[in-house]
Each structure stands twice: as structure tokens, then as C-alpha cells.
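Working notes, beginning with the structure itself.
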Amino acid sequence: MRKRPHARKVSIYLSLDGDSIQKYFNPNDPGPLYCRQLSHDFQEYLNTCVATAGRHTLINYKVFCGEQTGMRFLIEPLMKTIRRHYSIKRELMEAQFARFKRKNFILLFISIIVVMICQGLLPLILNQQHRVHSILSNALDVFSWVILWKPIERLIFYWNPFLKDILLFTKMATAEIILVDNEQDLINHHLEHSDAA
């Protein structure tokens with residue numbers, strides 16, 4: 001199975017009219033529009049739009065507000081809510097990444113102390129003339145590698161998904177907003193985006 005390449009540019013299309021604006025926000029949230037939570041379906045839509053985004057992908061929001069609807073005043077509260085949502089998600093991911101690093105560095109430090117005790121003190125206690133010393137020395141070497149393996153593996157290989165999510169949330173929170181006034185511009189923007197992909 002071939003891995004799909006990351007998109008160079010992702011445009012998230014948003015339409016503002018009387019019906020769609022209610023679908024963007026959580027209907028159970030009684031707060032003012034600019035403080036409301038995003039609806040679950042809208043969050044899923046945003047996540048689906050950026051599923052193919054990579055590290056170097058440009059993300060923007062293309063907001064279609066029909067000329068006759070008069071809904072331009074809702075662009076700012078909607079975008080403020082989206083930006084706040086992804087800023088909070090970024091902060092939570094950064095805190096989770098800090099806990100991940102702290103936990104694994106503590107585990108690595110404890111593992112190094114155990115290895116130093118096993119490799120430094122135990123051979124001094126045992127008599128080197130016996131065969132048991134050779135067997136125990138080999139067992140301690142294996143034990144040392146086993147105890148150090150997990151924290152080193154996690155610190156080397158498992159940090160990348162955290163950084164990828166932090167970068168994606170940062171891009172979503174700071175993405176450019178492009179206002180599309182009429183349907184022809186929307187079609188042109190869509191065609192331009194499909195040609196770029």
C-alpha cells in the first residue's frame with residue numbers, strides 16, 4: 001500500500017448564512033457567539049479537511065458569505081472561536097508533550113542509576129574467581145540493556161507525533177482567512193486548489 005503524499009495546500013471552505021452558522025457552534029452552549037464551543041460535527045469537518053496536511057502544508061480558511069445574506073459580521077466571531085479552539089488544543093498538547101519528556105527522562109535517569117549500581121557495586125561484592133561471577137556479569141549486561149532500552153526508545157522515536165500535532169494546531173490557529181464574495185470566485189478558488197493538488 002502506497003503512502004499518500006501530503007497536500008501542499010489545504011483550503012477549508014466555510015459558508016456563512018442563517019442555517020450554517022448554527023451548525024458551527026455547540027447548540028447546548030448558552031454563551032455569546034464569540035465564546036461558544038464548536039459543534040462536534042464541525043470539529044470533525046475541520047479535522048477531516050486537514051487529514052492530509054503535512055509539516056510544510058499551507059492551510060487557509062475560505063469563507064463564502066453571499067452578497068444578499070449580510071452575514072459578514074459573523075466572520076470575526078466564528079474565526080475567533082476556531083482560533084481559540086485550536087490554541088487551547090495546542091496548549092494541551094504542549095503540556096502533554098512536556099509530561100511525556102519529563103516522565104521519560106526520569107525513567108532514563110532511574111535506569112542509569114540502576115545500571116550503575118548493577119555494573120559498579122555488584123561486581124565488587126562478588127568474588128571474581130568463581131564461575132558464578134562470569135554468569136552474573138553477563139546477566140547484568142543483558143539486564144542493563146533491557147532496562148535502558150524503553151526510555152531511550154521512547155525519547156528517540158515517540159516525540160514526533162506530539163510535534164506534528166502541535167504544529168498542525170498552530171497552523172489551524174493562525175491560518176489566513178480569505179473572504180470569497182460571490183459564487184464565481186468560490187468556483188475559481190476551488191479550481192485553483194484542485195489544480196495545485
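Some values worked out for this structure:
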{"read-out": "Number of the condition not met by Tyr61 [criteria: (1) surrounded by fewer than 13 Cβ atoms within 10 Å (Cβ to Cβ); (2) outside any helix (DSSP H, G or I); (3) not basic (Lys, Arg)]", "value": "(1)"}
{"read-out": "Exclusive hit being out of contact with any Lys or Arg (no Cβ under 7 Å at 6 or more places or on another chain), over 22 Å from Arg55 (Cβ atoms) and at pLDDT 90 or above, set Lys150, Lys101, Lys171, Lys80", "value": "Lys80"}
{"read-out": "Given (1) loosely packed, with under 14 Cβ neighbours inside 10 Å; (2) modelled with pLDDT under 70, index of the condition Leu163 fails", "value": "(2)"}
{"read-out": "Residue list for region 14-31, filter: in contact (Cβ under 8 Å) with a residue 12 or more places away in the chain and either crowded, with 17+ Cβ neighbours inside 10 Å or over 17 Å from Tyr86 (Cβ atoms) (or both)", "value": "Leu14, Ser15, Leu16, Asp17, Gly18, Ile21, Lys23, Tyr24, Phe25, Pro27"}
{"read-out": "Scan of region 87-100 for residues that are over 16 Å from Glu176 (Cα atoms) and surrounded by 14 or more Cβ atoms within 10 Å (Cβ to Cβ), ordered by number", "value": "Lys89, Arg90, Met93, Glu94, Phe97, Phe100"}
{"read-out": "Given (1) surrounded by fewer than 16 Cβ atoms within 10 Å (Cβ to Cβ); (2) not assigned by TED's automatic domain parsing to the domain that holds Gln43, number of the condition Asp181 does not satisfy", "value": "(2)"}
{"read-out": "Qualifying residue in region 38-45 (condition: assigned to a strand (DSSP E or B) and in contact with a Gly (Cβ under 9 Å, 6 or more places away or on another chain))", "value": "no"}
{"read-out": "Whichever residue in region 64-77 is over 16 Å from Glu176 (Cα atoms) and assigned to a helix (DSSP H, G or I) and, among such residues, is modelled with the lowest pLDDT", "value": "Arg72"}
{"read-out": "Breaking point among (1) more than 25 Å from Tyr34 (Cα to Cα); (2) at pLDDT 85 or above; (3) among the basic types (Lys, Arg), for Arg131", "value": "(2)"}
{"read-out": "Hits in region 64-86 (condition: of a type outside the set (A, V, I, L, M, F, W, C) and surrounded by 15 or more Cβ atoms within 10 Å (Cβ to Cβ))", "value": "Gly66, Thr69, Pro77, Thr81, Arg83, Arg84, His85, Tyr86"}
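The values are calculated or read from the model by the stated rules, or taken from the named source; none is laboratory data. In this text the structure is predicted, and so the values were computed from the model without any measurement. Positions of Cβ are generated from backbone atoms using ideal geometry, with glycine treated the same way; all protein chains shown enter the neighbour counts.
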